[in-house]
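Q: Quick one: structure below, then a few questions.
The values are calculated or read from the model by the stated rules, or taken from the named source; none is laboratory data. A quick note: this is a predicted structure, and the numbers were derived from the prediction, not measured. Heads up, the Cβs are rebuilt from the backbone with ideal geometry, glycines too, and the neighbour counts pull from every protein chain shown.
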Ligand SMILES: *Cc1c(COP(=O)(O)O)cnc(C)c1O
Ligand code: SF4
């Protein structure tokens, strides 16, 4: 019932629902296309899926993955665990357990050890971003940059499918409870009331759009009251346009969700849908295009961001086509991220020098409308750091850098320089250029940690 325009109209006009069906490690065997793969590839996937999170739904399997290109299909790489995601020794340990018929408990135990070695909580930010109301921590909130507060509703801590490069599953839970949402929401609202400097609230997860509309309302609708006049922009970070566009087209509460969007934009606030597209292939289906049209019809602006990842999108051609496709659908390209230092990092990571080259080659092929993408940007402890160039200054090859966002807003947009390093993949591997001992922000950043420790003690 899918694959052409008529099908979409059919879905839209009859409100016919596509049943939501999900596959995990436990029912891999019910994916027909998986069973058609060579035996050794199936085995490798099973082994890695016993360590790394695996969750994919039927729409992604049947509509987004081109199985004739597997294993090189980018959406397959995005969804299915690959042998190279574990270090060879780790893979062998797990493979042996599987081959020798180890018990589920033994496999879990060995998997846990490997998971702990994979930096499940990157950037050591927990102690530093703890918003408080009346002396109590506001759970689910992170307020790192002055203007923008992040909020993770507890019911949105999962996703319709799991990306292989993501380790947020360390925080994944997921239990729907209206009452809990209301209590949580009121604490978040209390914090925002006390913080007039916050202009943006970003709802994120996981994916907050796994929540039913009636839950989402508990969080969003109260923000339309006059005491939140300082909140100008409500943002929702979501990968639902990739994983389940039916959320906006034929799900039971699709209309109610779009009505909520309309109500927000009609109130005079901006609603920004922060979409996540790793590859243009995620945008190819009619139902995805229909969903985009419907969201935009509510006055919501869709912006798109994604990390650069080896095996999925490390090619300027892919980015040009990704951004061009976005523009043609009325989406504004926004952030180009360096993949975070967590999870199967060695498999996905790309040196900063190469990331910069890919970005530059891609962006110079876009018209000005596509040059809204900022990057390559690292979301590191002190802030979002952008590589703005590679230059030769007085005979020294350097990275030119700047903060796009900083723990101290004064750090932003001030150029600074690091020694060029062909292999470096993250900010903490860089050293100041020109023989300087420290980057300009380091002392202040360290002092913030000390202050936080003292406050906690
Ligand atoms: C990226 C980010 C934001 C939003 O930054 P913008 O540049 O305004 O999009 C807010 N908080 C945190 C912690 C972030 O990482
Ligand atoms: S949609 Fe986002 S949060 Fe969910 S698995 Fe993918 S990258 Fe992680």
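Q: Among the residues of region 385-427, write down those that are assigned to a helix (DSSP H, G or I) and touching a residue at least 60 places away in the same chain (Cβ under 8 Å). Even if it seems obvious, please write down each step before you answer.
A: Taking region 385-427 as the starting set, the residues that turn out to be assigned to a helix (DSSP H, G or I) are 409-411, 427.
The answer is 409, and nothing else.
Q: Can residue 299 be described as part of a strand (DSSP E or B) and either touching a helix residue (DSSP H, G or I) at 6+ places or on another chain (Cβ under 6 Å) or within 30 Å of residue 58 (Cα to Cα) (or both)?
A: Details: part of a strand (DSSP E or B): no; either touching a helix residue (DSSP H, G or I) at 6+ places or on another chain (Cβ under 6 Å) or within 30 Å of residue 58 (Cα to Cα) (or both): yes.
Here the answer is no, as residue 299 does not meet what is asked.
Q: Any idea which of 380, 424 is closer than 21 Å to residue 338 by Cα, modelled with pLDDT under 95 and touching a helix residue (DSSP H, G or I) at 6+ places or on another chain (Cβ under 7 Å)? Show your work before the answer.
A: Values: 424 fails: modelled with pLDDT under 95.
Unique residue meeting the criteria: 380.
Q: Does region 232-283 hold any residues that are within 16 Å of ligand 2 (Cβ to nearest atom), part of a helix (DSSP H, G or I) and in contact with a strand residue (DSSP E or B) (Cβ under 6 Å, 6 or more places away or on another chain), and which are they?
A: If the condition is that a residue be within 16 Å of ligand 2 (Cβ to nearest atom), part of a helix (DSSP H, G or I) and in contact with a strand residue (DSSP E or B) (Cβ under 6 Å, 6 or more places away or on another chain), then 241 is the only one that fits.
Q: Within region 38-59, work out how many residues are touching a strand residue (DSSP E or B) at 6+ places or on another chain (Cβ under 9 Å) and assigned to a helix (DSSP H, G or I).
A: Matching residues across region 38-59 total 2.
Q: Please enumerate the residues belonging to region 339-377 that are within 16 Å of ligand 1 (Cβ to nearest atom) and modelled with pLDDT of 95 or more.
A: First, pick out the residues of region 339-377 that are within 16 Å of ligand 1 (Cβ to nearest atom): 339-342, 372-377.
Result: 372, 373, 374, 376, 377.
Q: Can you find a residue in region 99-119 that is within 30 Å of residue 409 (Cα to Cα) and either part of a helix (DSSP H, G or I) or modelled with pLDDT under 90 (or both)? Write out each step before concluding.
A: First, the residues of region 99-119 that are within 30 Å of residue 409 (Cα to Cα): 119.
From what's left, either part of a helix (DSSP H, G or I) or modelled with pLDDT under 90 (or both): 119.
Yes - at least one qualifying residue is present in region 99-119.
Q: Which residues, taken from region 337-350, are surrounded by 23 or more Cβ atoms within 10 Å (Cβ to Cβ) and either assigned to a strand (DSSP E or B) or at positive phi (or both)?
A: If the condition is that a residue be surrounded by 23 or more Cβ atoms within 10 Å (Cβ to Cβ) and either assigned to a strand (DSSP E or B) or at positive phi (or both), then 338, 343 are the ones that fit.
Q: Looking only at region 196-210, filter to residues that are away from ligand 2 (no atom under 16 Å from the Cβ) and part of a loop (DSSP other than H, G, I, E, B); which one of those is nearest to residue 247 (Cα to Cα)? Please lay out each step first, then the result.
A: Within region 196-210, the subset away from ligand 2 (no atom under 16 Å from the Cβ) is 196-201.
Add one more test, that the residue is part of a loop (DSSP other than H, G, I, E, B), and what stays is 196-199.
Values: 196: 33, 197: 33, 198: 29, 199: 28 Å.
Looking at residues that are away from ligand 2 (no atom under 16 Å from the Cβ) and part of a loop (DSSP other than H, G, I, E, B), I get 199.
Q: Further, regarding this structure: So, residue 250, is that one touching a residue at least 24 places away in the same chain (Cβ under 8 Å) and over 23 Å from the mean Cα position of the chain (by Cα) or not? Give the derivation first.
A: Details: touching a residue at least 24 places away in the same chain (Cβ under 8 Å): yes; over 23 Å from the mean Cα position of the chain (by Cα): yes.
In short, yes.
Q: A further question on this structure: I'd like to know if region 313-326 contains one or more residues that are modelled with pLDDT under 95, touching a strand residue (DSSP E or B) at 6+ places or on another chain (Cβ under 8 Å) and either surrounded by fewer than 20 Cβ atoms within 10 Å (Cβ to Cβ) or not in a strand (DSSP E or B) (or both).
A: Looking only at region 313-326, we keep the residues that are modelled with pLDDT under 95, and these are none.
No, the conditions are met nowhere in region 313-326.
Q: Note down all Cβ pairs under 7 Å where the first residue falls in region 226-245 and is within 15 Å of residue 197 (Cβ to Cβ), the second is within 15 Å of ligand 1 (Cβ to nearest atom) and in a loop (DSSP other than H, G, I, E, B), and they're at least six residues apart or on different chains.
A: 230/198; 230/199; 231/198; 231/199; 232/199; 233/199
Q: For residue 221, only one of the following conditions fails: (1) farther than 30 Å from residue 339 by Cβ; (2) more than 16 Å from ligand 1 (Cβ to nearest atom); (3) part of a loop (DSSP other than H, G, I, E, B); (4) touching a residue at least 24 places away in the same chain (Cβ under 8 Å). What is its number?
A: Of (1) farther than 30 Å from residue 339 by Cβ; (2) more than 16 Å from ligand 1 (Cβ to nearest atom); (3) part of a loop (DSSP other than H, G, I, E, B); (4) touching a residue at least 24 places away in the same chain (Cβ under 8 Å), only one is false for residue 221: (3).
Q: Sticking with this structure for a sec: Going by the structure shown, is residue 270 in contact (Cβ under 8 Å) with a residue 60 or more places away in the chain and surrounded by fewer than 18 Cβ atoms within 10 Å (Cβ to Cβ)? Even if it seems obvious, please write down each step before you answer.
A: Details: in contact (Cβ under 8 Å) with a residue 60 or more places away in the chain: no; surrounded by fewer than 18 Cβ atoms within 10 Å (Cβ to Cβ): yes.
For residue 270, the condition - in contact (Cβ under 8 Å) with a residue 60 or more places away in the chain and surrounded by fewer than 18 Cβ atoms within 10 Å (Cβ to Cβ) - is not met.
Q: Next up: Quick check, is residue 440 in a strand (DSSP E or B), within 18 Å of residue 400 (Cβ to Cβ) and modelled with pLDDT of 95 or more?
A: On the way: in a strand (DSSP E or B): no; within 18 Å of residue 400 (Cβ to Cβ): yes; modelled with pLDDT of 95 or more: yes.
Answer is no for this residue.
Q: Next question. Check 179, 239, 232 and return the single one that is at pLDDT 95 or above and over 27 Å from residue 286 (Cβ atoms). Quick ask: steps written out before the conclusion?
A: Numbers: 179 fails: at pLDDT 95 or above; 239 fails: over 27 Å from residue 286 (Cβ atoms).
Answer to the selection: 232.
Q: Evaluate region 362-379: report whether one residue or more is surrounded by fewer than 18 Cβ atoms within 10 Å (Cβ to Cβ), in contact with a strand residue (DSSP E or B) (Cβ under 7 Å, 6 or more places away or on another chain) and more than 18 Å from residue 427 (Cβ to Cβ).
A: yes
Q: Can you name the residue in region 140-155 that is part of a strand (DSSP E or B) and away from ligand 2 (no atom under 16 Å from the Cβ) and, of all such residues, is surrounded by the most Cβ atoms within 10 Å (Cβ to Cβ)?
A: Looking only at region 140-155, we keep the residues that are part of a strand (DSSP E or B), and these are 141-145, 148-151.
Then keep just the ones that are away from ligand 2 (no atom under 16 Å from the Cβ); that gives 141, 143-145, 148-149.
Values: 141: 21, 143: 21, 144: 19, 145: 22, 148: 16, 149: 25.
By that ranking, first place goes to 149.
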